[in-house]
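Trainee: Okay, handing you the structure first.
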Amino acid sequence: MVGGGFQNIFKIPELKRRVLFTLALLFVYRIGVHVPTPGIDSVALAGFFERAKGTLLGLFDMFSGGALEQMSVFALGIMPYISASIIIQLLTVVIPHLERLSKEGEQGRKKITQYTRYGTVVLSVIQGFGISFGLESMTSPGGAPVVIVPGWGFRVMTVITLTAGTAFIMWLGEQITERGIGNGISLIIFAGIVANMPAAMGNTFRLMSTGEMGIFMVFILLALMVAVVGIIVFIEQGQRRIPVQYAKRVVGRRMYGGQSTHLPLKINQSGVIPPIFASSIIMFPATLASFIKVPWMQTVANSMRPGNVIYELLFVAFIFFFCYFYTAVTFNPVDVAENMKKHGGYIPGIRPGKRTADYIDRVLTRLTLGGAIYVSIICVLPSMLMTKFNVPFYFGGTALLIVVGVAIDTVSQIESHMITRHYEGFLKKGSVKGRR
C-alpha cells in the first residue's frame with residue numbers, strides 16, 4: 001500500500017470524504033432494513049420464516065440483508081434492479097437502438113441507465129403484487145395470519161412501499177458508485193451479508209450446544225471456509241499477462257517507444273457479477289412461486305431449493321452464461337487490438353490487427369472457461385455441503401465469493417486513489433524544484 005497503509009486514508013481529504021460518504025449511505029440502508037411494511041403481524045411472519053430456513057426464501061433473505069424476513073420497506077432488496085440490468089444488457093445485443101446507445105459514450109449510457117430504472121420499477125411492482133397476495137395466504141405455525149387486514153388496500157400499500165424501497169436502494173447504490181468508493185450495488189449486497197453474519201454464527205453455536213452439530217463438524221466447516229477464502233483471493237488476483245512490444249517511433253528529433261509491457265487478463269474477468277446475476281434470475285420466479293399458494297407453483301418452489309440437483313444445475317448454467325456474456329460486454333478484443341496497432345504496439349509473433357484480436361479472443365475464451373469453472377465450484381460445492389449439514393447460507397460459497405470479491409475490489413479502488421494522490425504530490429514537488 002502506497003504511503004504507509006490504510007492509516008493514511010483519512011489524511012487524503014478526497015478519499016476520506018468518499019469513504020465516509022459510502023459508510024454513511026450503507027448505514028442509512030441498514031436503518032431502512034428495520035423499517036417494517038404496514039399491515040404485517042411481525043410475530044406471525046417470524047414464525048413463518050422459521051419454517052422457511054434452508055429454502056430459496058432464506059437465500060433471498062441473505063441478499064436482501066435480512067429485510068425479507070422482517071418484511072421491511074427494503075424487502076425486495078436490490079434484485080429487481082439487477083434483473084432489469086440483465087434484461088437491458090441482453091436486449092442491447094438484440095435491439096439496434098439500444099446497441100447504438102451503448103456506443104454513444106456518456107449520453108448513451110445515461111439513457112440506458114434511465115431504461116434500467118424504469119425496468120426496475122416495473123419488476124418491483126410485479127414482485128410486490130406477487131408478495132402481497134402471498135402474504136395474505138401465509139400463516140404462522142400456530143395458524144395466526146401474517147396480514148392483519150387483507151384486501152386491496154393492503155396490496156396497493158405493499159406494492160407502493162416495496163417499490164419505493166427498491167427505488168431508494170437503487171439510488172443509494174448509484175450515489176455510492178458516483179460519489180463514494182467501490183461499486184454501490186455490490187457494496188449494498190456485501191453490507192447485507194456481513195451484517196447478518198454475527199447472527200448466523202450465533203445460530204451455528206446454538207446448533208453445536210444443542211448437539212445438532214458436532215464440534216468436529218464445526219472445525220471442518222471453518223477449515224473449508226478458510227480454504228475457500230484463500231482460493232478466492234489467489235484466483236481473483238491471478239492474471240494471464242500477454243507480452244506487448246511497442247515499436248520505436250521518431251517524432252522530430254526525438255525517439256519514442258521501444259518499451260516492452262504486457263496486457264493483463266484476469267482469470268475471472270467478470271468478478272462477482274455471474275453468481276449475483278445467476279441468483280437473481282433463479283430467485284425472481286422462484287420467490288413468487290414460494291409466496292403464491294398454487295400447487296404446481298409450490299412444486300416448482302420446492303424443486304428450486306438450494307442443494308437440490310435442479311437448482312444447482314440451473315445455477316451453474318447461468319454462471320457459465322453470465323461469465324461469457326459479461327466478459328463479452330466489458331472487454332472487446334477488436335478494440336484492444338486496434339488501439340494497440342494505433343500506438344505501434346504488437347504481440348511478438350502475432351501480426352497486428354485481426355490476427356492480434358483473434359489471439360486475444362482465443363486466450364480470453366480459455367481464461368473465461370477456467371473462471372466459470374472456478375466460480376461454479378466455489379459457489380456450488382460448499383453450498384451443497386453446508387445445506388446437508390444445516391449451516392446458514394452466509395457460510396456458503398456464493399456469500400463468501402461476494403464478500404471476498406467485493407472487499408478485494410474496494411481495496412483496489414482505495415489503493416488506486418492513494419497511488420494517484422501519491423504521484424500527484426510527487427509531480428507537484430518536482431515542479432516546485434524545477435522552478436527553483
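Every read-out reported here was derived from the displayed coordinates using simple, explicitly stated rules and does not represent laboratory data. All of these numbers come straight from a predicted model, not from anything done at the bench. For neighbour counting, all protein chains shown are included, and Cβ atoms are generated from backbone atoms with ideal geometry for every residue, glycine included.
Trainee: Give me 79, 208, 225 ranked fewest to most by other Cβ atoms within 10 Å of their Cβ, as a rough exposure proxy. It would help to have the intermediate numbers written out before the result.
Mentor: On the way: 79 26, 208 14, 225 17.
By the 10 Å Cβ count, ascending: 208, 225, 79.
Trainee: Between residue 10 and residue 299, what is the FRET efficiency for a Förster distance of 56 Å, r being their Cβ-Cβ separation, to the nearest 0.05?
Mentor: For R0 = 56 Å, the calculated efficiency reads 0.55.
Trainee: Could you give the length gained by full extension between residue 210 and residue 178, i.e. 0.36 nm per residue of separation minus their alpha carbon distance, to one decimal place?
Mentor: Full-extension gain reported as 6.8 nm.
Trainee: For residue 72, list long-range residues whose amide hydrogen, built 1.01 Å from N in the peptide plane, is under 5 Å from its own amide hydrogen.
Mentor: 37
Trainee: Continuing with this model, one more query. Stretched out fully, how many nm does the piece from residue 137 to residue 363 gain, at 0.36 nm a residue minus the Cα gap? Walk me through the numbers on the way to the answer.
Mentor: Details: separation 226, 0.36 × 226 = 81.36 nm, distance 5.30 nm.
Separation in residues times 0.36 nm, less the Cα-Cα distance, equals 76.1 nm.
Trainee: Here's another thing I want to ask about it. Tell me which residues come under 5 Å, amide H to amide H, from residue 266 once H is placed; ignore anything under 5 positions away on its chain.
Mentor: So residue 266 has HN proximity to 240.
Trainee: For all pairs of alpha-carbon atoms in segment 172-231, what percent lies in each bin of width 5 Å, listed from the first bin to the last filled one?
Mentor: Going from the shortest bin to the longest, the percentages are 4, 16, 14, 16, 16, 12, 9, 7, 5, 1.
Trainee: If you don't mind, there's one more thing I want to ask. Given 103/354; 16/110; 266/354; 110/342, which pairs have Cα atoms separated by over 24 Å?
Mentor: 16/110; 110/342, as the Cα separations exceed 24 Å there.
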